[in-house]
Amino acid sequence: MLFVSSRYLSDRGWRIVARILAAALCLIALPARAQQGVQLAVECFGLGNAWRPGSWAPVRVRVDDPSPTPRELVIAMTAWDPDGDKPESLQVIASGGGSREVWLYARLPADRGNWTTRISAYRAAPTDDPDEPVRAGRLEAEVLFSPATSATPTGIPQAMLAEDGFIAVVGRRPIGLDQYRSALASSSAPELTWSVLGHERTKVVWQLRPQDIPDRWMGLSCLSTLVWAGEDPGALGTERPRAIAEWVRRGGHLVIVVPESAQGWTNPRSNPLYDLLPKVAITRRTDAVDVTPLLPLLTGTEKTDRETRVVVHDLPSIAAAEPWEAMPILADPSGAVLVSRRLVGQGMVTLVGINLMDARVATLVRAEYFWNRVLGRRGDYKDPGEFAGLRGVGNWNLHNRRAFWIDQDLPELVVKQGRSAVGLFAGVVVFAAYWLVAAPLSYAVLGRMRMRHHAWLAFVASAAAFTVLAWTSAAAIRPKRPEATHLTYIDHVFGQGVQRTRSWASILLPWYGSARVGVRGEEDFHNVIAPWESRTAPPGRSFPDARAYAFDAGSPSALSVPARATVKQFTAFWAGPPLDGWGMPRPVLGKGETGVPALGLGAGDKPSGVLRHNLPATLEGVVVIVCSGQRPISADSAPRASPSFASAYSLPDWAPGEDLDLAKLSDGSSAPVFTEYLSRVIPPPRGLRGLTLDEDRLTGDMTQRLYALGFFSLLDPPLFDASGSDRALMRRWDVHDLDLSRWLTQPCIIVLGTLEGAPGSPSPTPFTLGPSESPRPVVTRGRTIVRWIYPLPPRPPEWAAAAPGRP
């Protein structure tokens, strides 16, 4: 302690000491004051801290607010817009007195580069505009986050490629799904960005907890499959089960592996996902089962080096179940159901009765034998060490591939260029006529009239006349009402009260200022619209007057975007009850028939039954796919082959109200194999190109490509030989959510068709424009792909008899 006697200090000295002490007290108080402010931290960027460019991503933010007074905060995250504008994803929370987590959602740019997002906390302020989610007041905190360099508590987020598939596992083990990554690296070449013996590489994240599941379905929209393997569903809370349920109803696939103790799943009070489960009696077998009889299904072999026993739950349907509520998919050799499925809206929930979380069993499971039959995939998936022998075969190499994008037609089908082309042509004609009249013609006419001294007057008059003509022509051809060009997919599963659409649209906004663009909301669904640009669009495009606009992170069904008398591109996800005026196909009774109309399979698995539709126009380019079930289970099964028997029948068109007799499709001839139909979109191999990945464009029937992208996981994998020729590498960029391949793991009939002949060819997606109190429908023109699915009675695959000499 420093003691200073007062007799040694004058009044001025005391004042100096007082100032020093006050400054010291201020410095001591600064950390305490800083602790009273709001603190933000990014806990997770993407699902499981992994994100795919061009897809929706969830971002979990922790908000620490030590304020003792409860208050509302606006948590905002800057999103992406191809026009250079700054959309902000907003979420309003009740804060004060502690810490809480909030989920934000945004569609990410297609670039994996080093871009940065800003996450901010504002005080909530009242707003008089009912279309604005909330107004941000005083800034309380801000943090910058770069997915390429910034770290969350679990590390730097993992960036995928836009063409990668995505599977998430809630559980501690990947249970064989990690084989879908199928990566290959060598000293002479980098790791491949595709499946070595297939096409698409799949990112698999596991060790997720129930708390890592987002609270809105958009956070799961990047997934093809969500697998639940071992965690307690009771930890989901309230909002997360609703998000999972909506994601499934929109077409998601939830796979649940029954753990050793199934009590957490069979209790409706403690299991918030209980209403999604197949209506089966989950019955544990008394003793653990020797895995040997199941090896052809699990591993593609007939014996293992050691005896392994596993807990198995049988999944028999309960008596009160509707046919679509409990559909057996796989059974053991005795016929006991091991995998059962329930249809939920456009999606499905699959229950697996084998305890794959057992470490001894998890190491045995081969994705190409077991998971292909559950998920609807085909292909050979090997561990990195298994490729060493392959590289020495012949003179081919696994890097010699030529890339094709199966969704390459999206930009051309969506772009609006007709009116612009007319305007450009008219401008060239008017300009040419102006110079022709103003210079040589007027000069020649004045020369004949011996009035060349008035040439400048004639030039000025010509300029004025053509200026008036140009302005008048521009005003005449300039569009005066909003309109859109679209490509839309509409899906419907017979017997389900839910339809979904996915649209890409170029919407003309013929004014300056602001425009509120949205999709009509439906009860129990959070529909989504977001800015979009094609994969081939030039990067760095931006308007000089870039502006900010906000949207509701939890339900982004409408956007108040800047309007610049030009076209803006959007992508939309809609789901709801069946649309008026879009009468999808339905079974009807044939002549002389009575009873309930239904479809079925006759002799030789030929389709039977009569269909009729009441769509707005004739369905063109119709393809009827008939799947009679999976191939027999055998140790000799070829993983490259499709897991099911399916045929494809084509007919030119199908008018509204016209009866389609499925029995007449084959006309007595053999049915064409569906995989052969798909193979037509894959180009044949060409010459050796070395360790390069070239890109090329697909040729042929565009409609067939638009159909085939819905069965991407069943495309023919490459067949390598000693020729050294390159093999086609099929890729997709923005259509992962449209894959219907999993439907071909069970008997079903799928009808595909195209609508272009309706007046104006409107989109079934209900685009709107204007304030929320009085939104107006947008006039749309374009192409609609109709996909209708009829589930047939289930038929689990048989087990092939063992060959002589085999057990």
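The values are calculated or read from the model by the stated rules, or taken from the named source; none is laboratory data. Note that the coordinates shown come from a computational prediction; the quantities given were computed from them, not determined experimentally. Reconstructed Cβ throughout: ideal geometry from the backbone, glycine too, with neighbour counts over all protein chains shown. Side chains included, ligands, DNA and RNA excluded: accessible areas come from the protein's heavy atoms. Shrake-Rupley method; radii C 1.70, N 1.55, O 1.52, S 1.80 Å.
Counting C-alpha atoms alone, how compact is segment 174-279: give Rg to one decimal and Dmax as a whole number, in angstrom.
Looking at segment 174-279, its Cα Rg and Dmax stand at 16.5, 57 Å.
Through the Karplus equation 6.51 cos²θ - 1.76 cosθ + 1.60, θ set to phi - 60°, convert the phi angles of segment 366-377 into ³J(HN,Hα) values in whole Hz; use x for Gly and Pro.
10, 4, 5, 9, 8, 5, 4, 6, 8, 9, x, 10
Divide the volume of the convex hull of the Cα atoms of segment 39-186 by its number of residues and quote the answer in cubic angstrom per residue.
Per-residue hull volume (Cα only) is 147 Å³.
With only alpha-carbon atoms counted, please give the Rg and Dmax of segment 489-569, in Å.
15.4, 51
Measuring with a 1.4 Å probe in the full set of protein chains, what accessible area per residue, in whole Å², belongs to segment 524-565?
So segment 524-565 comes to 42 Å² accessible per residue, rounded to a whole number.
Eigenvalues of the Cα gyration tensor times 5, then square-rooted: what semi-axes does that give for segment 285-386, in whole angstrom, largest first?
Over the Cα atoms of segment 285-386, the ellipsoid semi-axes are 25, 18, 10 Å.
Net charge within 9 Å of Glu239 by Cβ-Cβ distance, Lys/Arg positive one each and Asp/Glu negative one each, not counting Glu239 itself?
For residues surrounding Glu239, the net value is +2.
Which whole number in µm²/s is D for segment 535-635 by Stokes-Einstein, with the Kirkwood Rh taken over Cα pairs at 37 °C and 0.692 mPa s?
Numbers: Rh = 20.3 Å.
For the chosen part, D equals 162 µm²/s.
Within 10 Å, count the other beta carbons around each residue, average over each peptide in 216-228, 770-782, and list them highest first.
In descending order of packing, they fall as 216-228, 770-782.
First select every other residue whose beta carbon is under 11 angstrom from the beta carbon of His313; then total the charges, Lys and Arg +1, Asp and Glu -1.
Net charge around His313: 0.
Around Lys664, under 14 Å between beta carbons, what's the net of Lys plus Arg minus Asp minus Glu among the other residues?
Residues near Lys664 contribute -2 overall.
Taking H as built 1.01 Å from N, whose amide H comes closer than 5 Å to the amide H of Ser270, not counting residues under 5 places away?
Close amide H contacts, sequence-distant or interchain: none at all.
Determine ³J(HN,Hα), in whole Hz, for all residues of segment 730-738 in sequence, where each value follows from phi through the Karplus function 6.51 cos²θ - 1.76 cosθ + 1.60 and θ = phi - 60°; x replaces Gly and Pro.
Residue by residue, segment 730-738 yields 7, 9, 9, 10, 9, 10, 4, 6, 9 Hz.
Rounded, prolate or oblate: pick one for segment 546-585, where a ≥ b ≥ c are the square roots of the eigenvalues of its C-alpha gyration tensor, a/c under 1.5 means rounded, and failing that, prolate if a/b is larger than b/c, else oblate.
Note, shape of segment 546-585 comes out oblate.
Select from segment 285-385 those GluC sites (Glu not before Pro) which occupy a DSSP coil region and have at most 15 other Cβ atoms within 10 Å, ordered by residue number. All intermediate terms of the calculation are to be shown ahead of the outcome.
Values: sites: Glu302, Glu307, Glu325, Glu368; in loops: Glu302, Glu307.
Within segment 285-385, the qualifying GluC sites (Glu not before Pro) (loop, at most 15 other Cβ atoms within 10 Å) are Glu307.
Hey, can you grab everything whose amide H is under 5 Å from the amide H of Gly37? Only 5+ residues off in sequence or another chain; H modelled, so Pro and N-termini drop out.
Amide H neighbours of Gly37, under 5 Å, 5+ apart: none.
Could you work out how far the C-alpha centroid of segment 498-573 sits from that of segment 85-125, in angstrom?
18
Rounded to two decimals, what ratio of Rg to Rh does segment 248-325 give with C-alpha atoms and a Kirkwood Rh?
Values: Rg = 15.4 Å, Rh = 14.9 Å.
Over the Cα atoms of segment 248-325, Rg/Rh equals 1.04.
Under a plain spin-label model, where a point goes 7 Å from the Cα along Cα-to-Cβ, how far apart in nm are Asp667 and Thr266?
Each label point lies 7 Å from its Cα, and together they span 5.5 nm.
Tell me, what ³J(HN,Hα) does each residue in segment 268-275 have, in order and in whole Hz, if you take phi through Karplus 6.51 cos²θ - 1.76 cosθ + 1.60 with θ = phi - 60° and put x for Gly and Pro?
x, 6, 9, 10, x, 9, 4, 5
What is the set of long-range amide H partners of Val255 at a cut-off below 5 Å, with H atoms built 1.01 Å from backbone N?
Leu226, Val227, Trp228, Thr350
Which value, in Å², gives the accessible area per residue of segment 273-320 when a 1.4 Å probe is used on the protein heavy atoms?
Roughly 52 Å² per residue, with all protein chains present.
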